[in-house]
1. For a quick size check, give me the Cα extents of region B:3-83 along its three principal axes, largest first, whole Å.
2. Straight-line reach from residue A:67: which lysines have a Cα under 23 Å away, not including same-chain ones fewer than 8 places off?
3. Arrange the peptides A:24-36, B:41-53 so that the one whose residues have, on average, the most other Cβ atoms within 10 Å appears first.
4. Can you put A:67, B:24, B:78 in order of Cβ neighbours within 10 angstrom, beginning with the fewest?
5. Give me the extension gain from residue A:28 to residue A:3: residue separation times 0.36 nm, minus the current Cα-Cα distance, reported in nm with one decimal.
6. Could you state the angle between the C-alpha long axis of helix A:62-92 and the longest principal axis of the C-alpha atoms of chain A, as a value from 0 to 90 degrees rounded to the nearest 10?
7. Viscosity 1.567 mPa s, temperature 4 °C: give me the Stokes-Einstein translational D for chain A in µm²/s, with Rh taken as the Kirkwood radius over C-alpha pairs.
8. Below 19 Å, Cα to Cα, which lysines can residue B:78 reach? Residues fewer than 8 away in the same chain don't count.
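Values in this text are rule-based calculations from the coordinates and carry no lab data. Bear in mind that the values here come from a model prediction, so they are computed numbers and not experimental data. A quick note on method: Cβ atoms are made from the backbone with ideal geometry, for glycine too, and the neighbour counts reach across all protein chains shown.
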Amino acid sequence: MELALDVASWFCLTVGAALCVIGAIGTLRLPDLYTRTHAASITDTLGAGLVLLGCLLQAGTPLVAVKLVMIYAFMLYTGPAAGHALVKAAYARGVLAAGIPEEAQEGERPSESDLPEEP
Amino acid sequence: MNMFAVAMLGIVVTMLIALVRAVKGPTVFDRILAANTFGTKTILLIAVAGFLTGRPDWLDLALVYALVNFGSTIAVLKFVRFGDLAHGDEDEGARSVPPAGGGAD
């Protein structure tokens, strides 16, 4: 039983850490903000979830387990909210997506004069 | 090698790559994204470090970092978008402001 828990922890922690690194490489190499946000969200949900699950399997007391679940639940709520706010602000500011002609992206986007100056 | 040490190594590498993105930019939103990633990985790092040293009480610190990280990301985004932290709800959604007539602010 002990050995099985250790093996499961090893698996979760290493796969979770590997997913974090892959997501970070994505944020470094992808061409524009919107795709980078997509790569970063992987590390926020699956990477963090697997790392915390690996810790959860090693938790000695129920209190520790509850704290780990609370951390993950909080990250599940705040990660998408922060990502949505980020992309919404970037879109309103006129950040362009890569690979699409600039004229095709204008649409109903506000002109620069509608927004306050960037600090 | 301890399994928590392996996980910490991966998380530290992730944080370093996020720092590279934060320095390279090019827009302020890329930097905010990198800072958010960095903060999330800080939470994981503290949690795993607590298990590595056999003191899971550190999870309290990780919870506080999670709260602070979310608040700071939203605050910086609001500041960048509106240039003012005390922006009211009635001006929310600057995209819907009609372009003519100087409606914004």
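1. Largest to smallest, the principal-axis extents are 45, 24, 10 Å.
2. By straight Cα distance, residue A:67 reaches B:41.
3. Answer by packing, highest mean first, reads B:41-53, A:24-36.
4. Least crowded to most crowded, the residues run B:24, B:78, A:67.
5. 5.2 nm
6. 10 degrees
7. Translational diffusion coefficient: 77 µm²/s.
8. Leaving aside lysines fewer than 8 places away in the same chain, those within reach of residue B:78 are A:88.
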